[in-house]
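The values are calculated or read from the model by the stated rules, or taken from the named source; none is laboratory data. Worth saying up front: this structure is predicted, and the values here are computed from it rather than measured. Every residue, glycine as well, gets a Cβ built from its backbone with ideal geometry; the counts of neighbours run over all protein chains shown. These accessible areas exclude ligands, DNA and RNA; they are computed on the full protein's heavy atoms, side chains included. Shrake-Rupley method; radii C 1.70, N 1.55, O 1.52, S 1.80 Å.
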Amino acid sequence: MKLDNLRIGIIGLGYVGLPLAIEFGKKCETHGFDINIARINELKNGVDSTLECTAEEFENAKHLKFTSNLEDIITCNVYIVTVPTPIDEHKQPDLTPLVKASEALGKIIKVGDVVIYESTVYPGATEEVCIPVIEKISGLKFNIDFFAGYSPERINPGDKEHRVINILKVTSGSTEEIAEFVDQLYKMIIVAGTHKASSIKVAEAAKVIENTQRDVNIALINELSIIFNKLGIDTLEVLEAAGTKWNFLPFRPGLVGGHCIGVDPYYLTHKAQSVGYHPEMILAGRRLNDGMGQYVVAQLVKKMLKKRIHVEGANVLIMGLTFKENCPDLRNTKVIDIVEELKEFNMNVDVVDPWCSPDEAQNEYALEITDIPRNGNYDAIILAVAHDEFKHMGTEKIRDYGKLEHVLYDLKYVLPKQDVDMRL
């Protein structure tokens, strides 16, 4: 396989696939494929509802076309799979999107083609799950008729500084020759450079531990926050003091959601358990982080009772629903845990978020977004996401939403310590 006469097909056009398609579309013939027809239609009109790519970037991708018709990408010779890899209700890897993408590829792949997976998986999944699906449907033999690579995505939704082209890319291939081809392919667009791993499994493992490491570190800080709360010490002040040492890691307590940090560790623990090892630290961190929504509500209820605010039937305003600030991504947001826990106490919950799609909130969580909260209406206000819009409001405007006696709980250190009743 050579870099001339490239025809690239990107399978899946979400937060990962679209920026990749845009960059390759600036260099060579590229086809972006997605089964979501509404998504394809908006992209054809130069609109990106994820807000990752601008109209100018669409215009610069002169060689990029979008389609929901599988036959339109049959002429491609390199396929890059960027579909989601979620977990199911039992916190087990859900490889359904990955298997379906592999089934689709099995229908169109040709001799000499290369398939590159970017979706986060456990070590071994590409060669143990995906490749056999392609072989079965296509009738072609792996590493004889077609080849594979793995180059894990490192997209950070909402981050306008760390984009796909300036984040160093890990690459790998199913043979030495293909590994070099995959590496050179990405070097066409990745300004930051590449790191060629020795095998697909090494590249898969590297990706899955990136977010597992962050998850465990945040779990530690969350546990410290719980301890300091019991000791009557402000957590942020402790972290700022400790942070004066050059090698102290600057993590903050909070809700751990999103499509990566709250999900990827379960892929690694699943694989570990399949080979007879029960991971202690990783699962302990997951349990602690998954319980933070319940902890937040428990602390809020205690504070309300101390202020003699009646809990049952109380009105609570949650400011922010997306899993991170200044980003419309609702996937695996842990704010929903707070919403559900509040409802267990029979509280009335309103959610305001200028970034998220009301339709998506309704479809994903059966949750109605409040356009404009009523002043003087709430017994408690929770600042759950640090959107710039909330920062710019300031304490007075946010307090105006509350009744004469209310609790203001700042989970993200948006407001000064003296202006709030509680901080995480």
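Quick look at the values:
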read-out: Yes/no for Ile282 being more than 30 Å from Gly14 (Cβ to Cβ), β-branched (Val, Ile, Thr), outside any loop (DSSP other than H, G, I, E, B) and open to solvent by 10 Å² or more (accessible area, probe 1.4 Å); value: no
read-out: Within segment 221-242, considering residues that are small (Gly, Ala, Ser) and open to solvent by less than 40 Å² (accessible area, probe 1.4 Å), the one nearest to Gln299 (Cα to Cα); value: Ser225
read-out: Strands (runs of 3 or more DSSP E) fully within segment 1-88 counting 2 or more residues that are touching a residue at least 12 places away in the same chain (Cβ under 8 Å) and under 18 Å from Lys187 (Cα atoms); value: 7-11, 29-33, 78-81
read-out: All positions within segment 357-376 that are assigned to a loop (DSSP other than H, G, I, E, B) and open to solvent by less than 20 Å² (accessible area, probe 1.4 Å); value: Leu367, Pro373
read-out: Filter pass, Ile116 being outside any helix (DSSP H, G or I), touching a residue at least 40 places away in the same chain (Cβ under 8 Å) and open to solvent by 10 Å² or more (accessible area, probe 1.4 Å); value: no
read-out: Among (1) more than 25 Å from Ala205 (Cα to Cα); (2) assigned to a loop (DSSP other than H, G, I, E, B); (3) modelled with pLDDT of 95 or more, the one test that Lys107 misses; value: (2)
read-out: Inter-residue pairs, beta-carbon under 8 Å, first under 14 Å from Thr322 (Cβ atoms) and in segment 355-368, second open to solvent by 90 Å² or more (accessible area, probe 1.4 Å), 6+ apart; value: Pro358/Glu368; Ala361/Glu368
read-out: Filter result (part of a helix (DSSP H, G or I), farther than 19 Å from Asp72 by Cβ, open to solvent by 20 Å² or more (accessible area, probe 1.4 Å) and not β-branched (Val, Ile, Thr)) within segment 89-104; value: Pro97
read-out: Residue tally, condition among the hydrophobic types (A, V, I, L, M, F, W, C), in contact (Cβ under 8 Å) with a residue 40 or more places away in the chain and part of a loop (DSSP other than H, G, I, E, B), over segment 393-424; value: 2
read-out: Test for Leu330: is it at pLDDT below 95, among the aliphatic types (A, V, I, L, M), under 19 Å from the mean Cα position of the chain (by Cα) and open to solvent by less than 10 Å² (accessible area, probe 1.4 Å); value: yes
